[in-house]
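First the structure, in the form of structure tokens, and then the observations on it.
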Amino acid sequence: MRLILDSNIVIDFLARRGAFYAPARKLMIFGAVGEYEMWISASQMGDLFYVLSDGGKKSKSASCKELLRRLRCHVRIYSIGEPEVDAAIASTWDDLEDSLVHQTAVRMGADAIITRNKKDFALSSVPVMDAQEFFQWLEQTRGVTYDEVPF
């Protein structure tokens, strides 16, 4: 199963953003152990760096790059090109960044887009879920429950 992660999910995980962290962490843990493939587009890496380094502050650059290096151990990169960019520009989507994520999902044959802002993907032809809905869907369709075992 191939999932494309919206940038907000990755930022929630890497920045440990409040109540959004736990579902993003669960998604990342089970993806890291190979239960499914996690993908982002190459353009999202630049967006992630910019957000996580507070606009590219030099003082945060090294630590941000280290976070992204560790992320790359478990998240694959889809290289977007002219076809995806042209399709996103030609689309009726108002937000180019979201349209690029959608075009990436379409081109790579993703099974779902995982995001915290489902409304941003209302025009998506690819199923869109938040992390909790994704795990509920897995339980309903595959009979598998994913949970962490406390130590």
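Annotations
- Dimensions of the chain based on its C-alpha atoms, expressed as ranges along the principal axes with the largest first, amount to 45, 40, 24 Å.
- Extension gain for residue 69 to residue 122 (0.36 nm times residue separation, less C-alpha to C-alpha distance): 15.9 nm.
- The HN-Hα couplings worked out from phi for the stretch 77-94 by the Karplus form 6.51 cos²θ - 1.76 cosθ + 1.60 (θ = phi - 60°) are 10, 9, 7, 7, x, 4, x, 5, 5, 4, 5, 5, 5, 7, 6, 8, 5, 6 Hz, whole numbers, x standing for Gly and Pro.
- From helices alone, the chain scores -16000 deg cm²/dmol at 222 nm; the rule is -39500 (n - 2.57) for each run of n ≥ 4 DSSP H residues, then divide by the residue total.
- The stretch 2-142, relative contact order in percent, only Cα pairs under 8 angstrom and at least six apart counted: 28 percent
- Efficiency of FRET between residue 145 and residue 19 - r from beta-carbon atoms, R0 22 angstrom, step 0.05: 0.55
- Between residue 32 and residue 92, the contour length at 0.36 nm per residue exceeds the Cα-Cα span by 18.1 nm.
Read-outs throughout are calculated quantities, based only on the coordinates presented, and are distinct from any laboratory measurement. None of the values given here were measured: they were computed from a predicted structure. Here the Cβ is made from the backbone with ideal geometry for all residues, glycine too, and neighbour counts use every protein chain on show.
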